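As structure tokens, the structure follows; a few thoughts come after it.
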Amino acid sequence: MALQINQPFPMFFDLDGSPLDNGYIYIGTANANPETSPVTVYWDAGLTLPATQPLRTINGHISRSGTPSVVFHGLDSTSVTTKNSRNQQVLYSPSVADASLTSVADAAASAAAALGPCCRCAAATAAAGLGPCCRCTAASAAGGLGPCCRSR
């Protein structure tokens, strides 16, 4: 029997595609601003250890006392905002349908993949030989390269 090896912790990226270090993650009511309408998230699957928001990141991972961690909630859907250390918004997702934040990074990556090469500011961008991106553009949404992407 073959087993797939999965990354145990979600990975979050900054605007330039580097791992989100010293970033902020907010989890809130679906289709609302998670900074002003937060929901309670927990460090454990039993939903007994509340986590204070914003969640902080170290080297792209949610951090609990300096250690990579995952968080949980008991809702069908939430909203998510990630911000970098300069308090610049990196991602806003109005509705993430999952019982655990573990798949938020996967949802964000899928959404970015649908927008085109300029928006894939993580490993896919580097693999494609593209330099850092600053923001998504209409051209990237249409599948072309936006003006902020440049060849290496």
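Before moving on, here are some points about what is shown:
- Residue in segment 24-34 that is surrounded by the fewest Cβ atoms within 10 Å (Cβ to Cβ), counting only those that are outside any strand (DSSP E or B) and more than 15 Å from the chain's Cα centre (by Cα): Asn31
- Residue, nearest to the chain's Cα centre (by Cα), within segment 54-109, restricted to residues that are β-branched (Val, Ile, Thr) and either at pLDDT below 90 or more than 18 Å from Pro34 (Cβ to Cβ) (or both): Val104
Conditions (1) more than 16 Å from Phe72 (Cβ to Cβ); (2) surrounded by 14 or more Cβ atoms within 10 Å (Cβ to Cβ), marked per residue:
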residue	(1), (2)
Met1	yes, no
Phe12	yes, yes
Asn22	yes, no
Val39	no, yes
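- Filter result (touching a residue at least 12 places away in the same chain (Cβ under 8 Å) and either more than 23 Å from Arg86 (Cα to Cα) or crowded, with 19+ Cβ neighbours inside 10 Å (or both)) within segment 41-55: Val41, Tyr42, Trp43, Asp44, Ala45, Leu47, Ala51, Leu55
- Of residues in segment 36-91 being of a type in the set (A, V, I, L, M, F, W, C) and assigned to a loop (DSSP other than H, G, I, E, B), the one nearest to Tyr26 (Cα to Cα): Val39
- Beta carbons closer than 7 Å, at least 6 apart along the sequence or on distinct chains, pair a first residue in segment 1-22 that is under 12 Å from Asn59 (Cβ atoms) with a second that is aromatic (Phe, Trp, Tyr) and not in a loop (DSSP other than H, G, I, E, B) for Pro19/Phe13; Leu20/Phe13.
The values are calculated or read from the model by the stated rules, or taken from the named source; none is laboratory data. Treat the numbers as computed from the prediction; the structure is a model and nothing was measured. Note that we place each Cβ from the backbone using ideal geometry, even for glycine, and neighbour counts take in every protein chain shown.
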